[in-house]
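Only the coordinates and a few stated rules stand behind these numbers; no lab work does. Keep in mind the model is a prediction, meaning the values are calculated, not measured. FYI the Cβ positions are ideal-geometry reconstructions off the backbone, even for glycines, and counts take in every protein chain you see.
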Amino acid sequence: MNPAFLYLPGSTLTMAELTAARIDGDVFEIGEGYIPADLVEARSTRASSVACLIPVDTAASGPTAAWIHGAGDSPPAIHHVRRAVERRIRSNRQARVVLHDTSVPSTELEVLGGVLVMTPTRTMVDLALGVHRDESLVRWLVLLAETDETLLDAAIDHIDGLARVPGTRAARAALVRTRGRIRRR
């Protein structure tokens, strides 16, 4: 996506101008910004729209990565990021961003719209591993599974290959239950 088509409040147009354009049907909200109404909402567009919330040396993870990969219509209220480097980082705490302080291997990351994002399979695994702590992640699991039918099997295979990771049994069970909840397209 060309960054010229993403309008962030205060950069090119004021919030009042963007609100007027939204009321007129010229733009619509996406993440933290607005895009023209006739622009296709791609993964890179979604990623670019929340780039200002993703700190340096981190990658979008959990519900944020699921939304970027096409799950759901609106972004999560609280965004999740995970360390994308081996070393510890010091992050400016934002109220709407949760930093998970474990690193993700570079093989499980991709760049979309200039933002590091966990791959869809790793995102599915990440969500499944968190379900036993936060039941609201089930919604994101289902929405992400609906975008690609092969993700559930890939995530189950990934979890089966993990050794000494807490919560793998619960995560695998959550993925199996998700299979019964997805709507077939």
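Distance between the 7 Å Cα→Cβ label points at ARG164 and GLU29: 4.6 nm. Annotation for the stretch 102-168: trypsin sites (Lys or Arg not before Pro) lying in DSSP loop with at most 10 further Cβ atoms inside 10 Å of their Cβ are ARG133, ARG164. Each of LEU137, THR19, VAL40 was scored by the projection of its Cα onto the charge dipole of the chain, and the greatest displacement toward the positive side belongs to LEU137; charges sit on the C-beta of Lys, Arg, Asp and Glu.
Note on PHE5 and ASP101: the extension gain reaches 31.3 nm, defined as 0.36 nm multiplied by sequence separation minus the Cα-Cα distance. Could you work out the relative contact order of the chain, using alpha carbon pairs under 8 angstrom and six or more residues apart, expressed as a whole percent? Reported relative contact order: 17 percent.
Counting only the backbone N, which residues of the stretch 147-185 are under 19 Å from the spot 7 Å out from the Cα of HIS132 toward its beta-carbon? From the stretch 147-185, the list is 155-179.
In a DSSP loop and with at most 16 other Cβ atoms within 10 Å, the trypsin sites (Lys or Arg not before Pro) in the stretch 68-97 are ARG87, ARG88, ARG90, ARG93, ARG96. Sparse packing (at most 12 other Cβ atoms within 10 Å of the Cβ) combined with a DSSP loop state is found for the following GluC sites (Glu not before Pro) in the stretch 115-185: GLU135, GLU149.
Counting only Cβ charges, +1 for Lys and Arg and -1 for Asp and Glu, the dipole size of the stretch 1-96 around its Cα centre is about 800 debye. On the beta carbon distance between LEU39 and MET15, with R0 = 25 Å, the FRET formula returns roughly 0.80.
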